[in-house]
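Structure first, commentary second.
The values are calculated or read from the model by the stated rules, or taken from the named source; none is laboratory data. As the structure is a prediction and not an experimental result, all values here were calculated from the model. Positions of Cβ are generated from backbone atoms using ideal geometry, with glycine treated the same way; all protein chains shown enter the neighbour counts.
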């Protein structure tokens, strides 16, 4: 092995890799992969071992949770990039970007005696900051991909900004004139991410440099937007410049991977600058022809997903484009690059995903439902059905019903958990199809069957006609999957009382059966005792299951207060979602809010707030509701609730419907709190 590689990897065998992450290949897998990366000859084209190295570093392939190996690995990754002409250096830097952009994985089964778990992501970033000089040198790499990756990595390390900013500016200025220097563009972006306000004049100079490439000037304009994100753009020409760069499929911006959820790095930046983002979306939407419609729809979607006021402005413009898209031949609507969707489907999906603002375009959505719903659907039917179902619009009933017959697998393409609740107003019309889908004659469905049962909980007694079909399909062994629904239906589901009663002695599900029996009969029986025992036996992890049931009993569940308090104060294993459920139960049972407001407040201050909970609303939404229940005792939560209720930015990530649920819940909570406060 070359001496340079041996020097770079000195001490690598002494790190206890297996104890720091999930390395299924054993203790030697990390050293072997690092040696394989470091010793790779220049110009190699085999699959990079960097991908295999990444596999053991994160919780799963999509996860942003990094294991404890990360801070130990960073020094070796940095050293590998210093090997001359190292062929994997771009991917190595990309891996460091993923680490720097990650959250630490938390081990739920960690021994409390071991003390608090270290923040692996923060430690890894600190290791990168300590080696920033080596990273900065890569800004002059011969590969544009490496320069782009390094710029993105430096943008993740604000602590290193005093040492990285001069180099980023110098590299950007060096590449101002050559056509399409993606590395220079990435360096401007990094400066904007790290210190936009301090570089407003620098951005203005780049923007007005006529000889500079358009992409670099457009990126400088995005830097100006970040320098004063609440201001409105004062030059239409600047908006056109950004829009031109966004719409050009050959732009260097299309090749740069960046932070945030934007389609391009500029759109990621504009997520923070509402007026600029909406102005660019407007400019793109009014452009005639098909060529730029894809980027126009994406820009409009980004704006609507992130800003509450954007729907009113942009949806009419999107709707105006739909007739032209619908009249075009499907082949001419296809985007030029393989695997990209029909813009008509994108436009209709954008309207359907826009929350209650979609109600103004219900006729447009209904017009997309053409043909026989029992035959294979046109692609555009799926978003149209979803939008109408969320609005509770009767015109989607034949299509929604056909989906549940599952003849062509339509139900697999619909998120029934989202769509079923609003369709309660058409429960009678949907009953035949739901009976077929949920009944014993239909054995397909998989996870969708469980999702459907969970969603029907919101119907309450209106779902009662489905009980015989569900009871006939679910064997006694799996009856627990239907208990939440039977309990929500209440006394009108009394026919299943014998089956539920037979589960009372079940060690795993007896507590839930006792709760369901109370809902069916009105007699608490041994339910509070069984629920308290379940919580005591399985610890705080059972709280998100047991505490909501105890909450419904109110003072009748007083027997559970000691075990609820024990797990509420378990700082070592008291996850936020558990503590929210326990806080609600304690308030409902005791009426005493002391010490309960803080975890509820903690739950609602992070951004973005999550969209889905497991089998029930998210803990964060439940926390908002709980603060309203507590009235004046939750007065300190008013600022946080006002931010959710009346802020300009959405509080969720890419889900207008979920954002509206939080918004309305926060408005109700504020009304409850302020009503009871002294004037």
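Within region 129-145, residues that are crowded, with 20+ Cβ neighbours inside 10 Å sit with their Cβ atoms under 8 Å from residues that are at pLDDT below 90 and assigned to a loop (DSSP other than H, G, I, E, B), at 6+ positions apart or across chains, in these pairs: 144/181. Is at least one residue of region 484-495 within 28 Å of the chain's Cα centre (by Cα) and either in contact (Cβ under 8 Å) with a residue 60 or more places away in the chain or surrounded by fewer than 17 Cβ atoms within 10 Å (Cβ to Cβ) (or both)? Checked region 484-495: at least one residue is within 28 Å of the chain's Cα centre (by Cα) and either in contact (Cβ under 8 Å) with a residue 60 or more places away in the chain or surrounded by fewer than 17 Cβ atoms within 10 Å (Cβ to Cβ) (or both).
For residue 598, the conditions (1) under 30 Å from residue 511 (Cα atoms); (2) in contact with a helix residue (DSSP H, G or I) (Cβ under 6 Å, 6 or more places away or on another chain); (3) modelled with pLDDT under 95; (4) part of a helix (DSSP H, G or I) are fulfilled apart from (2). Do we find a residue being more than 29 Å from residue 307 (Cα to Cα) and surrounded by fewer than 16 Cβ atoms within 10 Å (Cβ to Cβ) anywhere in region 625-639? Among the residues of region 625-639, at least one is more than 29 Å from residue 307 (Cα to Cα) and surrounded by fewer than 16 Cβ atoms within 10 Å (Cβ to Cβ), which makes the answer yes. The single condition among (1) over 18 Å from residue 258 (Cβ atoms); (2) in a helix (DSSP H, G or I) that residue 97 does not meet is (1). Scan region 600-614 for residues that are crowded, with 16+ Cβ neighbours inside 10 Å and farther than 12 Å from residue 654 by Cα and the total you get is 4.
Of the residues that sit in region 367-398 and are at pLDDT below 95 and under 15 Å from residue 433 (Cα atoms), which one is surrounded by the fewest Cβ atoms within 10 Å (Cβ to Cβ)? Filtering first and then ranking leaves 374.
The sole residue among 508, 552 that is surrounded by fewer than 20 Cβ atoms within 10 Å (Cβ to Cβ) and part of a loop (DSSP other than H, G, I, E, B) is 508. Between 609, 586, the distinction of being over 30 Å from residue 451 (Cβ atoms) and either under 26 Å from the mean Cα position of the chain (by Cα) or modelled with pLDDT of 95 or more (or both) belongs to 586 only.
Considering only residues in region 520-547 that are within 21 Å of residue 614 (Cβ to Cβ) and crowded, with 21+ Cβ neighbours inside 10 Å, the one that is nearest to the chain's Cα centre (by Cα) turns out to be 544.
Taken together, the residues in region 185-206 that are more than 32 Å from the chain's Cα centre (by Cα), more than 13 Å from residue 173 (Cβ to Cβ) and buried (at least 20 other Cβ atoms within 10 Å of the Cβ) amount to 0.
Here is the figure for region 616-648: residues that are in a loop (DSSP other than H, G, I, E, B) and under 13 Å from residue 587 (Cβ atoms) total 1. Does region 604-615 contain any residue that is in contact with a helix residue (DSSP H, G or I) (Cβ under 7 Å, 6 or more places away or on another chain), farther than 25 Å from residue 299 by Cβ and assigned to a helix (DSSP H, G or I)? Yes, the conditions are met somewhere in region 604-615.
Do we find a residue being surrounded by fewer than 16 Cβ atoms within 10 Å (Cβ to Cβ), assigned to a helix (DSSP H, G or I) and without any contact (Cβ under 8 Å) to a residue 60 or more places away in the chain anywhere in region 567-578? Yes.
Residues considered: 26, 19. Of these, the only one that is in a helix (DSSP H, G or I), modelled with pLDDT under 90 and either over 18 Å from residue 98 (Cα atoms) or in contact with a strand residue (DSSP E or B) (Cβ under 9 Å, 6 or more places away or on another chain) (or both) is 19. The combined condition, being modelled with pLDDT of 90 or more and closer than 26 Å to residue 655 by Cβ, is not fulfilled by residue 466.
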